[in-house]
Amino acid sequence: MRKIKLVEVRSEIAAGTRGASLGIDALKIASLDKKSNFFTKFDPINVPDANNYLWKGNKHPHAKYIDGVYQVLKNVYSTVESLRLEKKFPIVLAGDHSTAAGTIMGIKSANPDKKLGVIWIDAHADLHTPYTTPSGNMHGMPLAMCIHTDNLDCQVNEPAEDTLQYWEKIKNIGGEHPKINPEDIVFISVRDTEEPEDHLINKYGIRNFTTEEVREKGVANIAQQALEVLKDCDQIYISFDVDSMDSSISVGTGTPVPNGLTVEEAIQLNAELIKDKRVCCWEIVEVNPTLDTENLMAENAFEVLEATTTSLVENF
């Protein structure tokens with residue numbers, strides 16, 4: 001247990017709806033309702049957020065609150081880097097998904113010579129840039145930040161100069177180079193993408209295991225195949241967005257999408273993947289109790305969190 005560190009990131013400035021900063025406390029309430037002692041086992045680290053930027057108004061339409069996002073990503077990056085240098089295993093509880101870029105940057109910086117693979121369990125590909133985004137919400141951009149792309153082939157926006165200065169600074173947190181190769185990303189249950197993202201997925205041959213494949217082949221088989229795609233990677237990071245689950249259960253999240261995983265599939269998938277000894281960090285994001293009734297999303301998400309952590313401890 002001493003090797004596991006809970007990292008709490010209450011950032012929501014990169015989401016389109018407000019309330020994701022409350023997700024961590026909603027998970028804690030869910031644990032109490034389930035009479036679980038999960039949160040007594042760990043001494044959590046709180047990463048400072050920049051949610052106060054929400055009160056200042058947004059000056060960057062194609063990358064909303066990018067000045068604040070930059071601050072948060074730096075904070076997450078330095079926290080995760082320190083933990084990995086101490087050989088700790090971060091379990092990250094985060095609000096909006098943009099902070100995953102900081103997590104990836106921190107992992108890579110701690111072990112720059114190790115090839116890092118990413119398993120992204122999500123309804124969305126999160127490969128947008130300020131040049132391609134339809135919404136300007138930066139929780140749709142973390143993987144683009146980490147592969148160092150602008151995706152100018154698909155440009156539809158003309159971001160302002162100061163926006164682009166922040167975009168360059170974000171991409172260069174932890175070094176002026178890509179933190180991961182696009183070929184070392186594996187998607188599971190991604191099903192809501194836009195054309196610019198599809199362009200990158202096709203260009204780099206990024207593998208996406210659909211919900212249908214999970215059903216047809218079975219969760220254990222898909223977990224094995226996903227890890228096989230990353231067989232040349234020395235380290236693996238798993239990011240679990242709760243909107244990967246079906247919209248019938250994932251009401252309490254900002255961007256629910258039909259045809260997703262069941263709670264049981266999400267539990268089995270994460271518990272199976274985390275057994276791989278190369279996995280060095282696991283993350284759960286985007287619980288938003290303000291969009292929910294009776295904290296249902298957090299209760300489902302907490303089941304995934306607890307089961308995954310149990311699997312990790314048993315296989316350490």
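When Rg is the radius of gyration of the Cα atoms in segment 223-311 and Rh is its Kirkwood radius, what does Rg/Rh come to?
Reported Rg/Rh, Kirkwood definition of Rh: 1.00.
Net length available on complete extension from LYS56 to LYS231 is 58.4 nm, with 0.36 nm assigned per residue and the Cα-Cα distance removed.
Among residues other than PHE38 whose Cβ falls under 10 Å from its Cβ, what is the net charge (Lys/Arg +1, Asp/Glu -1)?
Value of the local net charge: +2.
Among ALA14, ALA50, ALA100, the largest mean-square fluctuation in a Gaussian network model of the chain, built with springs joining Cα atoms closer than 10 Å, belongs to ALA50.
What's the local net charge at THR253, with K and R +1, D and E -1, over the other residues with C-beta under 9 Å away?
Neighbour charge sum, excluding THR253 itself: -4.
Averaging over all projection directions, the Cα-based convex hull of the chain occupies 14.2 nm² in the image plane.
Using only side-chain charges placed at the Cβ, +1 for Lys and Arg and -1 for Asp and Glu, the dipole size of segment 220-316 relative to its Cα centre rounds to 320 debye.
The residues packed around ILE206, meaning those with a beta-carbon under 12 Å from its beta-carbon, carry a net charge of -3 if Lys and Arg are +1 and Asp and Glu are -1. In a reduced charge model with +1 at each Lys and Arg Cβ and -1 at each Asp and Glu Cβ, segment 1-85 shows a dipole moment near 200 debye about its Cα centre.
Which value in deg cm²/dmol, rounded to the nearest 500, describes the helix-derived mean residue ellipticity at 222 nm for the chain, given -39,500 (n - 2.57) per DSSP H run of n ≥ 4 and division by the residue count? Mean residue ellipticity, 222 nm, calculated: -11500 deg cm²/dmol. Comparing Cα centroids, segment 29-90 and segment 262-306 end up 17 angstrom apart. Under a Gaussian network description of the chain, with springs only between Cα atoms under 10 Å, the residue in ILE267, ILE121, ILE29 that fluctuates furthest is ILE29. Taking GLY117, GLY205, GLY19 as the candidate residues, the one with maximal mean-square fluctuation in a Gaussian network model of the chain, Cα springs under 10 Å, is GLY205. Using the Cβ-Cβ distance between ASP33 and LEU85 with R0 set to 41 Å, the FRET efficiency works out to roughly 0.65. Of the residues HIS148, THR308, ASN208, the one whose Cα sits farthest towards the positive end of the charge dipole of the chain is THR308 (charges of +1 on Lys and Arg Cβ, -1 on Asp and Glu Cβ, taken about the Cα centre). The dipole here belongs to the chain: it is taken about the Cα centre, uses +1 on the Cβ of Lys and Arg and -1 on the Cβ of Asp and Glu, and is about 1220 debye.
We did not get these values from a lab; they are worked out from the coordinates using the rules stated. Given the structure is predicted, the values throughout are model-derived calculations rather than measurements. We place every Cβ from the backbone using ideal geometry, glycine too, and count neighbours over all the protein chains shown.
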